[in-house]
Structure formats: structure tokens, C-alpha cells
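Down below is the structure, laid out as C-alpha cells.
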Amino acid sequence: MKMFSVSHKTAFVVDHCPYMAESSRQQVECDVLTKSRGQGMIPLAPVSKSLWTCAVECSMEYCRILYDVYPLKKLINYIVSDSEFHILNSWRQEDQSTHELMSALAAVGPPNPQEDPECCSVLHGLVAAVESLCKITEYQHEARTTLMDTADRVANRGRIICLTNAKSDTHVRMLEDCVQETILEQNKMAAGSDRLMPIQQCELVLVHIFPQGEDTLVSDRPKKEVSSLLTSEVHSVRAGRHLATKLNILVQQHFDLASTTITNIPMKEEQHANTSANYDVELLHHRDAHLEFFKSGDLHMAGSTSRDSGLKETVTLKWCTPRTNSVELHYCTGAYRISPTDVNSRPSSCLTNFLLNGRSVLLEQPRKSGSKVISHMLSSHGGEIFLHVLNSTRSTLEDPPSISEGCGGRVTDYRITDFGEFMRENRLTPVPESPDAEASGKPPAEKAKAQLERYTRYWPMIISQTTIFNMQAVVPLANLIVKESLSEEDLLTCQKTVYNLVDMERKNDPLPISTVGSRGKGPKRDEQYRIMWNELETLVKTHVAGSERHQRVLDCIIACRSKPPEEEERKKRGRKREDKEDKPDLMLKGAVERVKEEQRESEVIKDSPDSPEPLNKKPRLEEIQLPEKAKGPVSLLTMWTNRITVANSRKHQEFAGRISSVNNKAELYQHLKDENGCVIMYCM
Amino acid sequence: MLFEHMATNYRLEFTSLVAFSSLWELLVPFTRDYNTLQEALSNLEDYDKTCLEAALHGVSNVVQQEWGHACPTQVIYQAMILIDLDVLLYVLYTAIPHQAVNEYIKLNYVTNCVPDLEIVGFIEIGDISSPPVMSRHLVLPIAVNKEVDDVGPGTTEEPEEETSANQQAGKVPNFCVLLHGSLKVEGMVALVQLGPEWYGMLYSQADSKKKSNLMMSLFEPGPEPLPWLGKVSQLGPISDAAENPYGEDDSKSPFPLQPKIKRSYAQNVTVWIKASGLQTDVQKILRNARKLPEKTQTFYKVVTRESAGMDTLLFMFSRLKMVENMEVESIHSIMDVN
């Protein structure tokens, strides 16, 4: 269907004149359960609907089906006509709802028999309908705005469905002429207005409703051209059941719908809870759901059964009892919204509730011979039921080559689990549109793509190609470094990760590097750590352009990591030369070297320009109490003890007892001695 | 020569040979066996004048019978690789139904015009929910490393060398294999973008219980191909959301999106076109009315639910002469108050 076809706008004009209050003479029994009536109760008389009620009900059904299948862009404008016209809603999408229309109709109420029949006519409504068709809808407006210079390519077409009780064929011709004249008048006005568009094509569908048991005064007439702008058709229909069928056929014709009957649906009976019987439910949907049937000529095979008036065609599909609840991805070539023909019936609501609760149902194309063909599936998505068309023809993609035979198929250690985790972290979620969002930059999907790009800048595909991604210790840094921007806390966490790795190296912790080398045990521990640091640098380098803090993470790594062998040697040689000058006592050289080396290392960490003091282990420089310098040459033991004392004092306050100990004994809990006379001694 | 070229580069394509003049004849039905095709071609005789239209009709029938109406096909003419697209389009428009032409155009667009495929993000299979697709494609990994393919100038391709080149290629890690493995294990699909407002998905498709492959399906072009996903441009990373919409234990999902107004079958609607509808509702009200004044609340609930319909009922009742009935009168009085 073209975008602004005749079906874009439909104006219903329903006759509300006094003669519409006449009974349709189709009786409805209200009093069904006579046995439950008590004594002295007068039974309810049968009810019969007026022409007005029939018109309202059937037009509401037309709207209900339309809105189910086309929730957007197919618009209805409902007009009621008696001594004047009453427009019950607008073309706005928000006004398109059967609920709104029913409320508005209830406010209008039934036709007033007291009204002067001379003033009443459906003409008022028809004129109002033409005026209404000239009004621009929000969709037409949007299209015109987008097209700008070629805005005149946007068409303005519409349909008028008039439900009335006409007097004669002459009367009908008079109504047609009136509509034609009004179109010409309105088009002249619209030509000079920004808010109106002239009508280029109008379809008038006149439905003459008359009571049962009477002869019609108006004849049926197929669609004919009244002018280049207007076509007209006339349907003469008995009120009641026939009118309902007629409007059901019209909605299918107007909106390219088709009917499918689901058969063999097992349902439990209310009265007999243990048995179940098979029911049929008829659904309407866009006719493209039957395309494959048309092409293959199977439409008749699938079953064209005729209903009440013998004019309806439907395709029958068999319900297949769902076997498992497993979620499968079906190859589906179309999905179409449905509307049940008989929405209130028990079988129908059973089926729709079953689907709305999340179960899907496969439908089988009945065949006289041959294997079973599953051609369709019914499934609900977010409260909307769709008829999915499943592809049942042979595929050109059958028997594809095995993955293990193709490129990359012989590799056995892909990081499948890690990639799975990566995918879960990069799942998508809908972001509600907001007017501010447009100003704030990228649409959500662009952000998603940008995130994927950042996360995968450095992403080794196989386990043996990486060290850092096989280490728990690297996880905090690896998770943070891919962010667009880092907070101070993030930066600290990254640095702590680096310090932790330095610690691991110092303790000579093993690394998960595959020791499968060309010969022997593979790389030595030093070399392993070098490989690890190199990879960590590589990872962080791909993100340094991100922000200044990213750069600082890189700086931290470069500063802390173990240097290449030549550099280490140079440092040692440098220190050795210094030692020769300061300390003539050669025996102590080793110990001094070790001390100085460690001091230097801790200085390196402290003096590094950007790294802050580690939070928990802040050296309490101001509280260090170096032991008194002994006089004369210092023994190795003394030196060692001093070093430990200095290191310990940086970490904690010394135990008070130890400080005040005399001959390795200290008195504790002095106050107890004072109070109770007991003494607790601590021996060290 | 054409068949040799196709056998090397398109060995997975199905090809059929049709000879035409004033009539058409199916010489070789659809097959992947290029030897059979070559043989039939060499045995071809000359016929009388050329009638392209009939031939194309015939081709259209053969394709539909074998593959259904939705299968894209390329029509290749003898002595030409492909007629200039405009000429071919003209001919096709006059001979083959528009459906087939559209499929042809789509196939060409995908193979010739799409330079880049971008992954937007990932979605669970349960959420994407068997979406309608325009076409399906096998995604096969190709060797990126040129050294692997290069057998050296001047050397003939011996079967053993070819095997070792293949074996080499097999050992080079390939992203398709990684992606396929993870999609299969996690039960997810990757949402991809082919062009502005044109999307598709990558997923693992099992041919049989043992074998599966990476496949790509394309959605109809447009900003919102699936109503239950919403506009694709509005899908963002979960890391940007305040709370993980999938829940800590993956028990929830932000999909499917719900429409603003419910469908008729998802709400209580009053439809009295069929007598049974009216009868059921009247009985419901009377049943509850009989329990008045005890079950007043239930009665109000039932009546309120049917309120729009009740007004219809009212103007029906008001037009008729109803037999005096205590219950009906009490209904009337309550309705009037409301």
C-alpha cells in the first residue's frame, strides 16, 4: 500500500436521525438460563437492536480490527449526523482508540425521536467529512516537511464510509452529487491555505441499512467513477448479522487483509473438566501472510471454507501442540499483526490469552498427502500477537561446509568463554527518546558501537596468545582501562593493580604463560614477567589517547615494571662504584647494596612524579625513630636489626611493652598492679 | 570458462542450465556439480530465433518450483557475464513478477554495494524472537593473511601443496570462528548495521545436530524493522543504564517493547454483535445483581468494566418495552446513580 493512499484517512459518517431508532427486528434472547430463575420471576423479554445500535456496533468492529492490525498511520475520523454534525475525534494518533470512540458515542446517546425530521439529514455529516479530509494529518505534515521542495509529491486521499437509511436510489444519487460539489468547494479553499490540502481522490462507500423482513428501497451498486476526484459504491444490507458480515468484508478489502482459521485447538470444557474438545478460531491479518500459498497454488488445498453469507474465504491451519519450551530461532520471512474475528468468544480469548502468556504455537498446513509442513507460527511480542510466516521451501544454503574445514577451523583454544562474557557485557537495551538527548550528542546505537570499538582495540582471540587476560590480578585494570574516562578512584585501582603485579614479580609468583616452547621448559620466570609487562603496556597504549588519566596509568606501568637486563646491569654497576667510595669495609658491601637497592626502589615509587602515596601504607616519615647511632664500626647484626626496626616503625607503632622493656621483660597493665596488686609479666 | 570460474569461487552456489530460442528447455536442473553443467553445455546445439521473454518466464517458473518465491537468483547469459543492469532490469520488469525483480536488486546491492558490516551489540535469542528477514547468507571465514595463500609464482598447484595451504589457513585464528562459537554457547545474536537504517543479525545456525555455521539474516531496510525492539538507533549499551536491565542474574530483559495502547484482545472489550456476547454479559450482571445487597462491590466491579457497553445496553433497553423485572429495575437505578 502506498503511504498516503485512500486508506490513510477514513471518515465514518453515521446517521443519527430519528428514523435510525427504528428496530432492526433481529431479536436477541437475553434470558438463556431459565432453570436458574426462582419463582415469581418474570422472564426477560428478548431484546432487539435499533438500526443506530447496529451501525455503531459494526463500525466499532471495523475500527477494532483496523487498530489491531495497523496500530499506527491508518486514521479514523468519526462523525455523527442529525440536525447538525458532531465530530467525535480528530485525526491525531492519540485519538485513535475504540475506547475513546465508545465513550464519545455513549455521550451522544441514541437518536432522539423528538427531533424535527425536516432538519435532520446525514448530509450534514457528509459535508463535515469532506471538510475533515482536507485537514492535514501529522504524518502528511512530517512527509511534507521532509520533502521540502518536492512537498507536492505528498498526496491527499481518503475514504468516506456512510452508514445510513436512505429513501431511494434517487436519494443516494443526491447524496453523491452533494459530496462531489463539496469536494470541489473545499478544494478551492484548501488551495489557498497552509493548513489544508485539496482532495485528490475520494472513495465514497454508502451502506444502506434496513430492518429485517422488509424489502430494500435501494439497490446495490459496484464502484463507479462520479468524477476524476470521486468514486462511489452502494451496499444495501439488512441490519444485524448481515451488516456485521458486510463491514467485516469491507475492512478486509480496504486494508488488504485475509483470514486464517486455526483449527484443532484443544480446550478444556467448563462443564466437563476432564475432557477437551477441538475448537476453531478465525483471525484476520495482512494478506501477505498467505503469499506463499498464492504462488504455489495451495490456497485451495489449505481449505477455503465459506461462512455465513458464503462470501468469505479463509485459509485453514492446524494447531500443533507445543512440545518443548525451548527458545528457537526460526527462519521467518514475515510477521503480521492479527485480530480475532470474534474477540469475545471463549475459544478466541483462550487462544489469545495462551499466546499473551508467552507460549508460541506452530501451525501446520493441512495436506492430503506427503509429509507434514509447518508453514506458520503464532507468537506474542510485548502484548501484540503476530502471525509469523516460516520458510518451508528448500534452501540454497543446505549442506554448508564444516567450520573445522575452513579458515581458523583447526585452532582449538579460542577464548570462547571470555568472548561470551564480553558479549553479555555488550548487550543492548532500549533508551527512551527524549528531546534533550538530541542536543547531547550521539544516539545510543552510536555509543554502543563506540564502546565495542574501545573494548576490542586489543583483544587476543586465543588463550595461548595472551598472558594478562589469563590472570586474575590484571582484571581490575583490564576492566577499567577500556572506559571512555577514568575517575581518580579508577586511576588508583589501576595503579594498585600495577603495584600488585610488581609484588608478584618480587615474590616470583608463577604466571600462566604456556611453557610449550620449542625446547626445554620455555621462557624463564624473568622473561615471563617481561612478556607480561610488554602485553600490559600494549593494552594500555591503545587507550592513552582517551584521557590524561589513561596516560598516567601507562606512566605508572613504565615506571614500575622490571627493566630490560642491560639496564639492570648498568644500575648495579653504577651503585657498586658509589659503594666503593663511601664504605671502605668490603665485607659489608653486600648488605649495604641490598639496603640501598631497596631504599632506592621505594624512593622510585615515592618520587615518581604523578603517583600519589599509596593510601594504606603511607610511610610515617615524621615518626621514624632511627636507633641511636652506635659508636665505632657497626656490626652486620646491628645493621640488619636497624633496618628491620626502621621498616617496622614505618608500618606501625612499636609495642609499648617492648619499648619500655628492661632485660627483655616488661610490666604490663600497671594500673592493675596499682588497683589490685597483681603483676602480669610479658617475656620476649 | 565461466563454469570453471564459478567452480573455484562460487562452489556453494546452485546453478541450472537453460537453453532458449523461441522456446526454452531445462537442460540441467539446479546442481552444484559443475562437471555435469560443462558437459551439457558442450553438447548444446543451435536452435532458431531468440525469444528472451519466454525464456525468462521459464526461468522464473523453474526457480519458483525449486526454491519458492523468495529466493534471489542471478540470471547469466551465454557469451556475456551479465547484461548491463539497466538492460536486464528492463527485460525483467516486463517478464518476471516484481517480487523476483526486487529480490534480484537486493542480492546485487548486498554483494556489490555494502562495504562494511558493523556490529552494534548483542541480543539474546529469546528477545530477538524469530524476526522476519529479507534474506539469509552464509558467513564463511576467508584467510586474511596473504602469505598463507601465496603458493609462489610459477609453481603449479599440486593437491598436496593446496592441502598444506589450507591446513595453514586452518591454524590461523579467525574472528568468524570465535564469534560463531560464542554466539552458539551463549544463545545470542549479534545485531549488525549494513548501511544507514539497514540492519541484520549474525547467529549460529545448526544444519543438523552435529554441524552449525555462522549465518547472517538481513531485516527489511528501515529504522524500526522489529516493533518489539523499537528504533535500532535508540538501542544503547547496558553499561550506560542506571541499573542492569537484565538483572544481576540475567532473569529479566528490557525487551519486548510494549505498545502504548493495548490491542483489543489484550483488554476487556465489549462486543455484542453476536448474541452470545450480549447474553453472557447480561447474565453476568444479573448473577451479580441477584447477590445484592451483599455482593455490592463485585456488582460494581462487573458493571464498571462493562460501562461503555452498558451505555449501549441502556439505549437498547430504553427503546424497548421491558417486562417488569425487579432485578432489571435495580440495575437501572444503580446505573442512573453512577
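The values are calculated or read from the model by the stated rules, or taken from the named source; none is laboratory data. For clarity, every value in this text was computed on a predicted model and none was experimentally measured. Don't worry about glycine lacking a Cβ; one is built from the backbone with ideal geometry, like all the others, and counts go over all protein chains shown.
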### Task
Check segment A:148-157 and report whether any residue there is hydrophobic (A, V, I, L, M, F, W, C) and not in a loop (DSSP other than H, G, I, E, B).
yes
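Matching residues to (1) surrounded by 21 or more Cβ atoms within 10 Å (Cβ to Cβ); (2) more than 22 Å from the chain's Cα centre (by Cα):
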site	(1), (2)
B:D207	no, no
B:K210	no, yes
B:F219	yes, no
B:G222	no, no
B:L229	yes, no
B:Q234	no, no
B:P237	yes, yes
B:N244	no, yes
### Task
Would you be able to tell me the number of residues in segment A:461-477 that are under 14 Å from A:F422 (Cα atoms) and surrounded by 18 or more Cβ atoms within 10 Å (Cβ to Cβ)?
2
### Residues within segment A:89-125 that are at the interface with another protein chain (Cβ under 9 Å from one of its Cβ atoms), free of Cβ contacts under 8 Å to residues at least 24 places away in the same chain and assigned to a loop (DSSP other than H, G, I, E, B), tallied
1
### Summary
The residue from B:S239, B:S217, B:S251 that alone is in the same structural domain as B:S135 (by the TED database), part of a helix (DSSP H, G or I) and either modelled with pLDDT of 95 or more or farther than 19 Å from A:Y414 by Cα (or both) is B:S239
### Selection count, segment A:351-392, where residues are over 22 Å from B:P256 (Cβ atoms) and touching a residue at least 60 places away in the same chain (Cβ under 8 Å)
7
### Task
Find all pairs meeting these conditions: Cβ atoms under 7 angstrom apart; at least six residues apart or on different chains; first residue within segment A:209-225 and closer than 23 Å to A:Q27 by Cβ; second residue acidic (D, E).
A:P211/A:E22
### Message
Tell me whether segment A:77-85 contains one or more residues that are within 13 Å of chain B (Cβ to nearest Cβ) and hydrophobic (A, V, I, L, M, F, W, C).
### Response
no
### Task
Within segment A:135-153, identify whether any single residue is modelled with pLDDT of 90 or more, under 23 Å from A:M20 (Cβ atoms) and buried (at least 21 other Cβ atoms within 10 Å of the Cβ), and answer yes or no.
no
### Task
Return a yes/no flag: does segment A:433-441 have any residue that is facing chain B (nearest Cβ under 7 Å) and either closer than 25 Å to A:A545 by Cβ or touching a residue at least 12 places away in the same chain (Cβ under 8 Å) (or both).
no
### Message
Checking A:S375 against (1) more than 7 Å from chain B (Cβ to nearest Cβ); (2) within 23 Å of A:Y62 (Cα to Cα); (3) polar (S, T, N, Q); (4) buried (at least 21 other Cβ atoms within 10 Å of the Cβ): exactly one of these is not met. Which one?
### Response
(2)
### Task
Could you please let me know if A:R457 is within 22 Å of B:I119 (Cβ to Cβ), touching a Ser or Thr at 6+ places or on another chain (Cβ under 6 Å) and surrounded by fewer than 19 Cβ atoms within 10 Å (Cβ to Cβ)?
yes
### Query
Could you list, in sequence order, the residues of segment B:181-201 that are buried (at least 22 other Cβ atoms within 10 Å of the Cβ) and either more than 9 Å from every other protein chain (Cβ to nearest Cβ) or not small (G, A, S) (or both)?
B:L183, B:M188, B:V189, B:L191, B:Y199, B:G200, B:M201
### Query
Counting only residues that are closer than 21 Å to A:M423 by Cα and either at pLDDT below 85 or crowded, with 20+ Cβ neighbours inside 10 Å (or both), how many does segment B:129-139 have?
3
### Task
Six or more apart or on different chains, Cβ under 7 Å: which pairs go from a residue in segment A:447-466 that's more than 10 Å from chain B (Cβ to nearest Cβ) and touching a residue at least 60 places away in the same chain (Cβ under 8 Å) to one that's among the acidic types (D, E) and surrounded by 15 or more Cβ atoms within 10 Å (Cβ to Cβ)? Could you list them?
A:T466/A:E535
### Query
How do the pairs read when you match residues in segment A:313-337 that are over 27 Å from A:S259 (Cβ atoms) with residues anywhere that are β-branched (V, I, T), using Cβ under 7 Å and keeping only pairs 6 or more apart or on different chains?
A:V327/B:I125; A:L329/B:I125
